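Read-outs throughout are calculated quantities, based only on the coordinates presented, and are distinct from any laboratory measurement. Model, not experiment: these values are computed from the prediction. Counting neighbours? That spans all protein chains shown, and the Cβs are built from the backbone with ideal geometry, glycine included.
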């Protein structure tokens, strides 16, 4: 296991559409200050943003942990929320339980989870109905994925 | 490290270290060391904010004078549409064209044709584009440089269509060399520019290679003489008798706030002006938002090119004048449309390659970079967080970053050390009293 060089924790609040997206902005400036490859930064920002918006839309609150080793970036979102009863469907593009209100705001088109997986080199999702969901995304630092 | 040429000069003798430029620089590319401004070239995007902000006039735009083009046998003006909104309303576009001829140009180019040609090419490009959306306009050189410096992964979204001024330059060389029997390099295609950023995009195109244009002259450099000559033309020449460079609203619309809104009817279109707004929209795009916009027009200057730093009139006044001119003009004119129909199929409008990202200066391995970021965080925690700028860096975070990289001292902060305060007193107290 590679040694962890840096770890940061961010709290994300459910239903906070006003501040939704701020965590991924912070993550972007942190990764940029580390002079990482812009392509990797963009993928990590998309992963963080989609995970953040999932919490904003569906959960009560979430904790995003960003950790960096000299081999990869790991983004883990651990939320307290309703959980996902049908994980297989949730991973399909276009599958969504978003309300009309969320769609009007430009979210909930069923692209979030597939988008996270597409931008990750390693992806894991565990969910327990009534408790919450944990999403783990890993992006390798040397490869393009 | 690559050398980046920029569209301005800094006269160190005039700079009194007042911090005004450092405070307005949107990419935090300026530090003030030992009482003098210092520009970090790899971060500068040529927006010209420092030129406007400097009370001493220490920054000057590096445009040319018309006399510098005297080595060419034939000089052709390509007037930015912004020019036509800079004069009193009774001075009509045809008088301004005569003014340009009187100050030394041999011809004034019929630039509305390229606007229409390029609009057609943009519509074609956007309809065929299968990459990530939105497609981003390439007309504002500052926006292109902002992408190169801060959003390199979005460079592929820049539209691969030359701006109209480049197509005009190419056609000018072709047509006049044929008509006059001159070599293309004896003909100067000169852009009359509302900003110094256009100048640098001609001297050093972002996509590499060479511009079709030979240079540019800023509007203020020509203004007084063109105004006098145009007034003369307005009183002596019979109305409607001379060639009119602005026959339809097409050309003037390019210098308004939403230039292509009416022309790109089928595409979902958005226009953003002002660098802070552009940066916010680019941040959103980077997160994967705004995918339902097809074409995004961005101007670094608030209100569009009429607010460029080489203009004479206030942006609101000149926009009102352009609106008034447009009201009297048809949407299209047969002469322009015929020329567009003739030329469009025979010319190539698409660029060969996208601009490259600015080379990143990566110092040290990841471990070392993490150490610096942690060190910067530690330093930042000890700084007041007021961003007063007295240390010579635009914010506490930037000072912390510079100090962690060994390029500044934590003791540059006036809250941390009296040494800095005394240095500032020495530098500034004398001329304050």
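Of B:129, B:254, the sequence from fewest to most neighbouring Cβ atoms within 10 angstrom is B:129, B:254. log10 I(q)/I(0), Debye, Cα-only segment B:1-61, no solvent, q = 0.16, 0.21 Å⁻¹? With no solvent term, the Cα-only Debye profile gives -0.42, -0.74.
Considering only beta bridges that DSSP places wholly inside chain B, some 30 percent are antiparallel.
Listed from fewest to most Cβ neighbours within 10 Å, the set B:413, B:18, A:8, B:396 follows the order A:8, B:18, B:396, B:413. Calculated FRET efficiency, residue B:225 to residue B:73, Cβ-Cβ distance, R0 = 22 Å: about 0.50 to the nearest 0.05. When the square roots of the Cα gyration tensor eigenvalues are ordered a ≥ b ≥ c, the ratio a/c for segment B:366-433 is 1.5 or more and a/b exceeds b/c, which makes its shape prolate. The helix-only estimate of mean residue ellipticity at 222 nm for chain A, built from DSSP H runs of length n ≥ 4 each weighted as -39500 (n - 2.57), is -10000 deg cm²/dmol after division by the residue total.
Is there a simple number for the mean count of other chain Cβ atoms within 10 Å of the Cβ of residues in B:153-160, and what is it? If you can, show how the numbers build up before the last one.
On the way: counts 8, 2, 1, 0, 0, 0, 0, 0.
For this peptide, the per-residue mean of nearby foreign Cβ atoms is 1.
Among B:253, B:145, B:280, which one shows the biggest mean-square fluctuation in a GNM of chain B, springs joining Cα atoms closer than 10 Å? Result for chain B, Cα springs under 10 Å: B:280 fluctuates most. Summary value for chain B: 20 percent relative contact order, contacts being C-alpha pairs under 8 angstrom separated by 6+ residues. Take each residue of peptide A:33-45, count the partner chain Cβ atoms within 10 Å of its Cβ, and average: the result is 5.
Out of the DSSP beta bridges found with both residues in the protein assembly as shown, what percent are antiparallel (nearest 5)?
Values: 41 of 61 bridges.
DSSP beta bridges in the protein assembly as shown are roughly 65 percent antiparallel.
Shape analysis of the protein assembly as shown places it in the oblate category; the axes a ≥ b ≥ c from the Cα gyration tensor give an a/c of at least 1.5, with a/b not above b/c. Result for chain B in a Gaussian network model with C-alpha springs under 10 Å: among B:246, B:103, B:373, the largest mean-square fluctuation is at B:373.
Compute the long axis of helix A:22-33 from its Cα atoms, compare it with the longest principal axis of the Cα atoms of chain A, and write down the angle in degrees, 0 to 90, nearest 10. On a 0 to 90 degree scale, this one is about 10. The angle between the Cα long axis of helix B:219-236 and the main principal axis of chain B comes to about 20°, on a 0 to 90 degree scale. Of the three principal axes defined by the Cα atoms of chain A, the extents in descending order read 41, 30, 24 Å.
Averaged over every viewing direction, what's the projected area of the C-alpha convex hull for chain B? Give it in nm², one decimal, please.
Values: hull surface 95.4 nm².
With every direction weighted equally, the projected area is 23.8 nm².
Mean sequence separation of contacting Cα pairs (under 8 Å, at least six apart), scaled by the length of segment B:366-433, corresponds to a relative contact order of 24 percent.
The calculated FRET efficiency for residue B:378 paired with residue B:429, based on their beta-carbon distance and R0 = 56 Å, is about 0.95. Counts of other chain beta carbons within 10 angstrom of each beta carbon in peptide B:286-299 average 3. The gain in end-to-end length when the residue B:348 to residue B:320 segment is fully stretched comes to 6.6 nm, 0.36 nm per residue minus the alpha carbon separation. Between rounded, prolate and oblate, where does segment B:185-309 land on the alpha carbon gyration tensor, with a ≥ b ≥ c its root eigenvalues, rounded for a/c under 1.5, else prolate if a/b exceeds b/c? Prolate, since a/c reaches 1.5 and a/b exceeds b/c. Of B:236, B:150, the sequence from fewest to most neighbouring Cβ atoms within 10 angstrom is B:236, B:150.
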